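In what follows, a structure is listed as structure tokens, so that the remarks can point back to it.
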């Protein structure tokens, strides 16, 4: 993570990093949808994903391929995509990040202390969207367990939807 590493939130360094991150986000406006940009620019505190849960991380060449046999899989047409689904802490909103034109994907799940290992990814601590170059962006998620998801991509489809409870 370029900006939001483990800092004390009251420290001056955190405030400087926060301002620098927003300056970079301003330069990303127009490279992602308005809805996605608004989320990353204002998605902190109660509107953000702090303490959210990673529901799924999917990577593959046929994420959108129908599995009902109605259409043959075309190896030459399909491209790698990454789908990340995150449920907010209050379990009221589901966030979907669909990345295409993939350049790099990593998932790091470090070995935990055996005395404290809950065998979970745990809660989302930090996330950021930054630029890699003129064609690619980087989306990173860092979790309380130390697990990290990093995706470098050319295109992002962002969706946020209300979770209905019965």
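The values are calculated or read from the model by the stated rules, or taken from the named source; none is laboratory data. Owing to the predicted nature of the structure, the values given are computational and were not obtained by experimental measurement. Positions of Cβ are backbone-derived with ideal geometry, glycine not excepted, and every protein chain shown enters the neighbour counts.
Scan region 24-51 for residues that are closer than 20 Å to residue 130 by Cα and part of a loop (DSSP other than H, G, I, E, B) and jot them down. Outline the logic, then answer.
Looking only at region 24-51, we keep the residues that are closer than 20 Å to residue 130 by Cα, and these are 24-45, 47-50.
The answer is 30, 31, 33, 43, 44, 48, 49, 50.
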ask   = Quick one: residue 71 ticks every box in (1) in a strand (DSSP E or B); (2) exposed (fewer than 13 other Cβ atoms within 10 Å of the Cβ) bar one, so which box is it?
value = (1)
Inter-residue pairs, beta-carbon under 6 Å, first without any contact (Cβ under 8 Å) to a residue 12 or more places away in the chain and in region 51-80, second part of a loop (DSSP other than H, G, I, E, B), 6+ apart = 73/62; 73/65
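With the condition kept exactly as written, say whether any residue in region 121-129 is loosely packed, with under 15 Cβ neighbours inside 10 Å and either under 17 Å from residue 160 (Cα atoms) or free of Cβ contacts under 8 Å to residues at least 60 places away in the same chain (or both). Before the answer, list the steps.
If we filter region 121-129 for residues that are loosely packed, with under 15 Cβ neighbours inside 10 Å, which is where we start, we get none.
No: region 121-129 contains no residue that is loosely packed, with under 15 Cβ neighbours inside 10 Å and either under 17 Å from residue 160 (Cα atoms) or free of Cβ contacts under 8 Å to residues at least 60 places away in the same chain (or both).
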query = Where residues in region 1-23 are under 16 Å from residue 137 (Cα atoms) and surrounded by fewer than 16 Cβ atoms within 10 Å (Cβ to Cβ), which of them is modelled with the highest pLDDT?
reply = 23
